[in-house]
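The values are calculated or read from the model by the stated rules, or taken from the named source; none is laboratory data. Keep in mind that what you see is a predicted model, and the values were worked out from it rather than measured. Here the Cβ positions follow ideal geometry from the backbone for every residue, glycine too, while neighbour counts run over all protein chains shown. For the accessible areas, the whole protein counts, side chains as well, though only heavy atoms, and no ligand, DNA or RNA atoms are used. Shrake-Rupley method; radii C 1.70, N 1.55, O 1.52, S 1.80 Å.
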Amino acid sequence: MGDQASYLFGPADDLPGLDELLAHAVGNTGSHMGGVYLLTPGKDALRLEVAMGLPSPIASQWSRLRLESLAPASNALRERRLIWVPGQEEMARYFPDAALVLPYSFSTAAAPIYTEPDDWGTLLLLWPSPHASDLNRHERDVIEITCRRMGVLLRRAAEAGRRVVPGERPRLLVAARGNTPDMEEALAALDYVNRLPEGCCSLDMDGRVTFITQRAADMLGGKVSELLGARPWDVLPWLRDPVFEDQYRAAALSNRVTAFTARNPRGERLAFELHSDPLGISIRVVPVPGPALQGPPGAAEPLIRPIRADTLYNLVHLAATLTRAVTVQDVVDLVSEQVMVLCDAQGMAILLAENGRLLVVGSHNYETEIIDHFDGLPLTAHTASQHVMLTGEAAFFESWDDLVARHSDAIRQPGMSAWAVLPLIASDRPIGTCVLSYARPRAFTADERATLTSLAGLVAQALERARLYDVKHQLAEALQASLLPSALPAVPRLDVAARYLPATLGMDIGGDFYDLISLDDTTAAAVIGDVQGHDMTAAALMGQVRTAIHAHATAGASPGEVLYHTNRLLIDLAPDLFTSCLYVNLDLARHTACVASAGHLPPLLCRPGEPAEIIDMPSGLLLGLDPESEYPTLELPLPPGSLLALYTDGLIEVPGVDIGEGMEALGRRLTRSAGRPLAMVAQTLIDHALDVQQRTDDIALLLLKHV
């Protein structure tokens, strides 16, 4: 760690709090926004605990991230490395969901907060563009030391029984002012702006008016008293076009000057300039010369108001996220995490129709007794969900009295006073309902009803895809379970972790395989291979190859002989299909490994205290090509503490990247994580493969550690 960052903090015993550490990081890296995400108690998600300079609509939108999601903050913690995204183009390439919802120019750094062996969260920083293509040494030092101090702080709190648990909503910090003017200076500044021919207005980072001149209010067609403390697009109907709020978001996030022109209710053209810093946004409003235009947009509030920009971006965000939902449970989790936040709801239940009944497939903040009552009710029952299912039209109940008036036998969830019952319509037919409940009585505006109905449509489409996937998945799992080992045998002095992911989404069937065979008390055999293809034929052949290898291994054949006999069998079974295979015989008493390869990628070996190396070894032809092919062997020393990685090409292949570079990168990742628990190492390697590429091939990974 460089000395230039050491002045940021005092001694470790006098550690600042999270807020102070975040403020230091923002102030000393030149970033204009920052936030700290913390792991939730279940360790499956990150929640934004505190943010600085981030507008609250955007902070709320990104307040919760699933740990498995494709985003800088979650990737950084999963991989325990700094994620640097220098600009909008790179964001679109590596994190398309975030780029779609935040299409602005800024740079991002996300760094993990951890202390061995615990993960705590992520530090996120944003810079205005343009930024240099990489972080400089000082910026990296500040980020590293901040994350280290945050990790120590969080660990100490946990050890003292005061673990920091992220709240439901992030705390928003305001940047400190450089100086505070006295009354005389403030009045002089006010006189100055009032004398200008243009209008002047100031917004805080939430978009609320903190100052506006009378000249600006006149041009906008509003009153100073109405505008102060409000967002302009909430007060003035003609500013409800998403363009206006989008310009505010662009100025806040990119820290760039943004400009646009618009017509006010009198038809006068106005030029707007937005200038941003961490304290807020200054707006100049200048009349554009020319005659007023008749009948301008916004002269009177339209019958159908345009959708709000924040609502628009939230819908896009949800739609993009739902495309990544695979199972019904994934969809339920996303509704709980995002739709409830977007709609400010306090309760949620999703019911799906099946065999003439409505089944509750997910809920949040509903008591078990209430769920048990509604789960499995026939579609003929007189409930709000049944009525919505039959009509296909949403129902909104603004109070308990409103609900009882229409459904006298309704059962009230304690603490809830308003409800939106939304139809889930897919393929032009209702498949269920989504019930959102609110703690207080609520008057649902036309905007809210339209937005909620749109959200329900997105959820319904995702649920239909997920239900189809779940059915296919169950079938595929049954087949795959019969082909891959259900559990690997326990071998003394050998720690093992394995992962398998098929390429074909929706079927979960592929041709990659692995196995571990216990031969006696001190020896074992490990095998990994890749059958050509990703269909049922490849999967079935994979099962036969694995069975053949197992039979020859237990019969006492050497690694070369195992591959030779399996090759002859494969040619007889399927002369048009080929298989790569790597076979390893482990002698844990002699601390050696004997390896033979049939055209497979070489293993990686990480010995204690040494970086991982790619084993340079001879290789025979693929299985299934030549009945007389020979398979030479190589013996390796395998001292206790050594980690051997066997893998298929799906783990390292990236379009446009040489496979040798992919193996070297895998070796570096293995070296960085070698000291962690083996299951965590395996998951880290798999997560990285899923994050950096569009997966078109199966992935099999087998890690073997001599302990």
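Model label sites at residue 223 and residue 428, defined 7 Å from Cα along the beta-carbon direction, differ in position by 5.3 nm. Residues whose amide H falls under 5 Å from that of residue 425, counting only those 5 or more places apart or on a different chain, are 431, 460, with hydrogens built in the peptide plane. Counted over the chain, the DSSP beta bridges are approximately 95% antiparallel. Is the C-alpha gyration tensor of region 593-632 telling us rounded, prolate or oblate? Criteria: a/c under 1.5 is rounded; beyond that, a/b larger than b/c is prolate, otherwise oblate. Prolate shape, in that a/c is at least 1.5 and a/b is the bigger ratio.
Estimate the FRET efficiency between residue 393 and residue 90 by the formula 1/(1 + (r/R0)^6), using the beta-carbon distance for r and 35 Å for R0, to the nearest 0.05. About 0.20, to the nearest 0.05. Note on the chain: with neighbouring protein chains present and a 1.4 Å probe, carbon and sulfur make up 54 percent of its accessible heavy-atom surface.
For region 24-30, putting each phi into the Karplus relation 6.51 cos²θ - 1.76 cosθ + 1.60 with θ = phi - 60° gives couplings of 4, 5, 5, x, 9, 10, x Hz, in residue order, rounded to whole numbers and with x for Gly and Pro. For residue 638, the amide hydrogen comes within under 5 Å of the amide hydrogens of 592, 593, counting only partners 5 or more places away or on other chains and with H modelled in the peptide plane. Heavy-atom accessible surface of region 201-253, averaged per residue, reaches 35 Å², computed with a 1.4 Å probe. By definition, a body whose alpha carbon gyration tensor gives a ≥ b ≥ c is prolate when a/c is 1.5 or more and a/b is larger than b/c, and region 147-281 fits this prolate description.
For region 412-425, the Karplus equation 6.51 cos²θ - 1.76 cosθ + 1.60, evaluated at θ = phi - 60°, returns couplings of 8, 6, x, x, 10, 9, 8, 9, 10, 10, 10, x, 9, 10 Hz by residue, with Gly and Pro reported as x. Which is the longest stretch in the chain that no exposed loop site breaks, taking sites as GluC sites (Glu not before Pro) with a DSSP loop state and at most 10 other Cβ atoms within 10 Å? In the chain, the maximal stretch lacking such sites is 169-627. From the Cα gyration tensor of region 560-707, with a ≥ b ≥ c the square roots of its eigenvalues, which class applies: rounded if a/c is under 1.5, or else prolate if a/b is larger than b/c, or else oblate? Oblate, because a/c is 1.5 or more while a/b does not exceed b/c. Here residue 260 and residue 136 are evaluated by their C-beta separation; at R0 = 35 Å the FRET efficiency comes out at 0.55.
Ranked by the mean number of other Cβ atoms within 10 Å of their residues, highest first, the peptides 672-683, 638-649, 275-286 fall in the order 638-649, 275-286, 672-683.
Taking every protein chain into account, the accessible area of region 544-599 amounts to 38 square angstrom per residue (probe 1.4 Å).
Using the 1.4 Å probe convention, the accessible area of region 47-116 works out to 30 Å² per residue with neighbouring protein chains retained.
Secondary-structure-derived ellipticity at 222 nm for the chain, considering helices only, amounts to -11000 deg cm²/dmol, per-run term -39500 (n - 2.57) for DSSP H runs with n ≥ 4. Dipole orientation for the chain: of the candidates 33, 190, 617, 190 has the Cα lying most toward the positive pole (charges on Cβ; Lys, Arg +1; Asp, Glu -1).
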